[in-house]
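Report on the structure given below.
The values are calculated or read from the model by the stated rules, or taken from the named source; none is laboratory data. Because the structure is a prediction, the values reported are computed rather than measured. So basically every Cβ, Gly included, is an ideal-geometry build from the backbone, and we count neighbours across all protein chains shown.
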């Protein structure tokens, strides 16, 4: 950018040294000069703001190589992406379910403000009147294009004028509940499919994204939202990905047999040990489930590699901010719990990274506790955009510039009205709607096996962390009928649609 400005300054100096034509000639040349001026100024305005590659991932926990969530996870391309900038290793969602997590991230508003607590709480009534991230970038002159899963269903935005162009989900073959694992539990299913990688929806999404990186007009900066569906259930991917993780070598998550013994009933209710976990054990599917999740992550990783290669081959490679985020974590038997829908580390911790040319240093790691209400203000600062008045989160820019910068924020996660978790650099404190509590010391108990909430001497710690919880909370947008969020919900049929001011909403395939 500095070189561009200097070149234009030198050009202006050379013009001043030259003699100018007579006024009559200037009058004749004026239309052409004005047209030339427009051509010069428009690219300058576009180059003045960075492009944004906004990558959302569904249901990916910390099972990546760089986070070390599972010893057999192999994610060289995800690692390659985060190594370009800053990885946040203590990042957490604002809510451990697709709908409220994405609504909070995209709006900058927490669940207790919007009433969007679970997948059963409709978002469109709230979000249609909120300046969400993509809507704000569109209003500020960006070419906003999105595809895949960004919100919990395109209809969750409540309107269709939020993107310059919107493409919905790209369907995969065999994406219907096939009961491959024999559990007869809907899309809680896994197994290899007879397909090529190019048959899968996320492969097609990557092709779509790479094409836009290459061909989107240069007269405006680009905001490209790429929403990967995998590793969301069902874990159906081509057999070659299962072959990367031989079943006889699979390692189960490290668990404590009586881990629920010191957890209050409200927490046990979230764990639902009599549900998915009991079925997995009865069907002897635990090892196969871990294999399938690792395989599906590996498929995703290949698509991330293709996307990065496409960016590097595009004219936008040197001026693109990359945002990498997963909507929440995922449990595979820890505390006898499966899926998201809980307030423990496995379900709130996310894979989150920012690459900001000229700001972040390659290979940077930040261990400060952050959550997704920090992203909206950060993006505005990186793009030089004004901050909407409703956005109250703290910007991550000080940490992007120096990962050791002073940071007093606490990561807060909410699941259902009245249930909250606070995570700082050492402690996790959970308080349920009935007042029951959990407290874990991550310095000495990274697996959260020992609940210290009732121990003498912890009152001050709990009070400090509880101070970030709300005193008042909005009613659920479902009118109290949204449930506790323990079940997936949403459109199940994959579809593809075109958006923009005249486009139609696309259905989602997931929950």
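Only residues that are crowded, with 22+ Cβ neighbours inside 10 Å and outside any strand (DSSP E or B) were counted in the range 317-335, giving 6.
Of the residues in the range 356-365, none is touching a helix residue (DSSP H, G or I) at 6+ places or on another chain (Cβ under 9 Å), closer than 24 Å to residue 106 by Cβ, touching a residue at least 24 places away in the same chain (Cβ under 8 Å) and not in a loop (DSSP other than H, G, I, E, B).
Can you report the number of residues in the range 90-110 which are part of a loop (DSSP other than H, G, I, E, B) and buried (at least 24 other Cβ atoms within 10 Å of the Cβ)?
The qualifying residues number 8.
For (1) closer than 19 Å to residue 54 by Cα; (2) within 19 Å of the chain's Cα centre (by Cα); (3) modelled with pLDDT of 95 or more, each residue gets a yes or a no:
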{"residue": "85", "(1), (2), (3)": "yes, yes, yes"}
{"residue": "121", "(1), (2), (3)": "no, no, yes"}
{"residue": "148", "(1), (2), (3)": "yes, yes, yes"}
{"residue": "159", "(1), (2), (3)": "no, no, no"}
{"residue": "162", "(1), (2), (3)": "yes, yes, no"}
{"residue": "165", "(1), (2), (3)": "yes, no, yes"}
{"residue": "168", "(1), (2), (3)": "yes, yes, no"}
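Here is the figure for the range 99-127: residues that are within 13 Å of residue 159 (Cβ to Cβ) and out of contact with any helix residue (DSSP H, G or I) (no Cβ under 7 Å at 6 or more places or on another chain) total 1. Note on the range 159-206: residues that are touching a helix residue (DSSP H, G or I) at 6+ places or on another chain (Cβ under 8 Å) and part of a helix (DSSP H, G or I) amount to 7. Taken over the range 176-206, the residue count meeting the criterion of being surrounded by 17 or more Cβ atoms within 10 Å (Cβ to Cβ) and without any contact (Cβ under 8 Å) to a residue 40 or more places away in the chain is 1. Set side by side, the residues 64, 113 differ, and just one is part of a loop (DSSP other than H, G, I, E, B), more than 13 Å from the chain's Cα centre (by Cα) and either under 27 Å from residue 270 (Cα atoms) or modelled with pLDDT of 95 or more (or both), which is 64. Identify the residue in the range 207-225 that is buried (at least 20 other Cβ atoms within 10 Å of the Cβ) and assigned to a loop (DSSP other than H, G, I, E, B) and, among all such residues, is nearest to the chain's Cα centre (by Cα). Checking each candidate, the answer is 221.
Could you check the range 447-475 and list, in sequence order, the residues that are in contact (Cβ under 8 Å) with a residue 60 or more places away in the chain and either surrounded by 11 or more Cβ atoms within 10 Å (Cβ to Cβ) or within 13 Å of residue 431 (Cβ to Cβ) (or both)? Passing the criteria: 447, 448, 449, 450, 451, 470, 473, 474, 475. Selection of first residues in the range 408-424 that are at positive phi and of second residues that are modelled with pLDDT under 95, restricted to Cβ pairs under 7 Å at least 6 apart or on distinct chains, gives the following pairs, ordered by first then second residue: 416/484; 416/485.
Each residue in the range 375-407 was checked for being under 27 Å from residue 220 (Cβ atoms) and either in contact with a strand residue (DSSP E or B) (Cβ under 9 Å, 6 or more places away or on another chain) or modelled with pLDDT under 95 (or both), and 8 of them qualify. The set of residues in the range 128-150 that are in a helix (DSSP H, G or I) and surrounded by fewer than 24 Cβ atoms within 10 Å (Cβ to Cβ) comprises 135, 138, 139.
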